[in-house]
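Read through the structure below, which is laid out as structure tokens, and then see the notes.
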Amino acid sequence: MSSIAMKISSAAKMIALGIASALLLSCAPDWGYDTKFGNMPSDRPGHGNRVPSPETRKVLLLYSAGFNSISGYLNINFEDLKKGWLPDNRRSEDVLLVYSHSTLSPGNYSTPSSPVLMRLYKGQDGKAVTDTLVTYPAETISASAGTLNLVLTYVKENFPAKGYGLLFSSHATGYLPAGFYSDPGKYVFKEKGTALSGGRELSGMKFHGPEPVPYYEPLTDPSLPAVKSIGQDRAGRMSYEIEIDDFAAAIPMKLDYILFDACLMGGIEVAYELREKCVLAGFSQAEVLAEGFDYTTLAGHLLRNSVSDPQKVCEDYFTRYDIQSGLNRSATISLVDCSRLEPVARVCRKLFSKYRSGLDSMDPDKVQRYYRYSYHWFYDLESILTEAGADAAELEELRRAISGCISYKAATPSFIHGSAYDGGFDIDTHCGLSMYLPCHGHPELDKYYRTLAWNRATGLVE
């Protein structure tokens, strides 16, 4: 997956998109509530413990941005989703929505395709029904804050509910800025301006137009498991990516949870940026094998009962790979309560200041890493401070703060590691959060990192 959010195309393209989308939305159905089942238990099987009513309805959006090399895998995920538990289509029911954007054929990045927003539900015959609500223009860039905002705003306005959840599935590169992961040597930090600069205003928020960045496919052994490693909408040898601050700004409502079926999102930088936009965040510290989450059980965990259970989604994800053998036994995952991150920030700010010399001079090879090959931007948070010199009492304080916000974490003994050519690593410690290590960083990345909310709160990069 890409860095998470990208910016939006040219002014003309975005105006056209806005007009087309407005026309499409004007044809949207009225999804008002009925109250047929509002005050009585459901006698229909498969409802779990939930009583369908306007007061308890939940909405789950799968945002599947697949105009890239994993398009085929995301299409399989959608088919698996249809095989699992699905809600009915009564207006008091929970709602499962899918935004899907894929290539017309594998590797075809030159022919635009039209993303669609669908409602997925169980028909009277018990089979999955796909109801297309919106078809977006073929020029739409899904890896953009503006498009993400457009889709979420539609969901909020047309499907009023007690709570909302987001499953984001695509490539991703954690907190990294657009284009950096693909070619760090050519990345130059550019301060984001405050003007619209070729973008458009959506839901009272301003986003810059998405700007293409150079894309280079990393050289890896094709015999190794495929991963959701680099995020984007592909455009020939260029790509579009969403940066994490833009991703957060694009979310128009407080979400109960965000689950990232994407690589390298499990960092403190990502969680802290999202602390005001979601309660829970589930993500992987390392890469994610291309098959991703278990989509056959996912909707049931999140919608079937009165309370969504994103932890079960994370547990199923880990089990799916932990029972494998060889290189396919590769997974990291954690579920973080983003509302409880301030104690972590307070402890880290104190320790970053006290152990500045240790942070600047440590041997990166002694720190637990979560990256393969030379993409050295993701290390274990606790391992960093251990190697920096924090004493036993300080580390215990740090662990208490981290355990106070992490409800679930798991990691296999290694990640795609078993030969001299896999670029993988062993996992000896796993606190559930990754972090940047400035002494093994990059000067231009330091400039970008200073703009992140986590760095403003803790001063990791001075």
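The values are calculated or read from the model by the stated rules, or taken from the named source; none is laboratory data. Computed from a prediction, not measured in an experiment: that's the story for all the values here. Heads up, the Cβs are rebuilt from the backbone with ideal geometry, glycines too, and the neighbour counts pull from every protein chain shown.
Observations, loosely collected:
- Meets criteria (assigned to a strand (DSSP E or B) and surrounded by 14 or more Cβ atoms within 10 Å (Cβ to Cβ)) for LYS447: no
- For segment 44-70, a residue qualifies if it is buried (at least 20 other Cβ atoms within 10 Å of the Cβ) and either modelled with pLDDT of 75 or more or assigned to a strand (DSSP E or B) (or both), and the qualifying residues are ARG57, LYS58, VAL59, LEU60, LEU61, LEU62, TYR63, SER64, ALA65, GLY66.
- Members of segment 266-301 found to be in a loop (DSSP other than H, G, I, E, B) and over 17 Å from LEU61 (Cβ atoms), listed by number: GLY266, ARG275, GLU276, SER284, GLN285, ALA286, GLU287, VAL288, ALA290, GLU291, ASP294
- Screening ASP256, ASP261 for residues that are assigned by TED's automatic domain parsing to the domain that holds GLY72 and surrounded by fewer than 24 Cβ atoms within 10 Å (Cβ to Cβ) leaves exactly one candidate, ASP256.
- Odd one out for VAL344 among (1) closer than 30 Å to TYR63 by Cα; (2) touching a strand residue (DSSP E or B) at 6+ places or on another chain (Cβ under 8 Å); (3) among the hydrophobic types (A, V, I, L, M, F, W, C); (4) part of a helix (DSSP H, G or I): (2)
- When VAL313 is tested against (1) touching a His at 6+ places or on another chain (Cβ under 7 Å); (2) assigned to a loop (DSSP other than H, G, I, E, B); (3) aliphatic (A, V, I, L, M), only condition (2) is not met.
- Failed criterion for GLU396 (all others in (1) in a helix (DSSP H, G or I); (2) touching a helix residue (DSSP H, G or I) at 6+ places or on another chain (Cβ under 9 Å) hold): (2)
- Here CYS439 meets the list (1) closer than 25 Å to GLY282 by Cα; (2) touching a residue at least 12 places away in the same chain (Cβ under 8 Å) almost entirely, failing just condition (1).
- Condition check for TYR121: over 23 Å from PHE247 (Cα atoms) and among the hydroxyl-bearing types (Ser, Thr, Tyr): yes
- Among residues of segment 393-417 that are in contact (Cβ under 8 Å) with a residue 60 or more places away in the chain and not assigned by TED's automatic domain parsing to the domain that holds THR332, those with a Cβ under 7 angstrom from a residue that is in a strand (DSSP E or B) and of a type in the set (Phe, Trp, Tyr), sequence gap 6+ or separate chain, pair up as SER414/PHE425; PHE415/PHE425; HIS417/PHE425.
- Being over 23 Å from the mean Cα position of the chain (by Cα) and among the aliphatic types (A, V, I, L, M) is a description that does not apply to ALA143.
- Per this entry, LEU86 is counted among residues that are surrounded by 23 or more Cβ atoms within 10 Å (Cβ to Cβ), touching a strand residue (DSSP E or B) at 6+ places or on another chain (Cβ under 8 Å), at pLDDT 95 or above and part of a loop (DSSP other than H, G, I, E, B).
- In the set (1) surrounded by fewer than 18 Cβ atoms within 10 Å (Cβ to Cβ); (2) more than 22 Å from the chain's Cα centre (by Cα); (3) not charged (D, E, K, R), the condition left unmet by PRO438 is number (1).
- Within segment 300-330, being surrounded by fewer than 23 Cβ atoms within 10 Å (Cβ to Cβ), hydrophobic (A, V, I, L, M, F, W, C) and touching a residue at least 40 places away in the same chain (Cβ under 8 Å) holds for PHE318, LEU327.
- Any chance TYR408 is under 21 Å from GLY282 (Cβ atoms), surrounded by fewer than 20 Cβ atoms within 10 Å (Cβ to Cβ) and in contact with a Ser or Thr (Cβ under 7 Å, 6 or more places away or on another chain): yes
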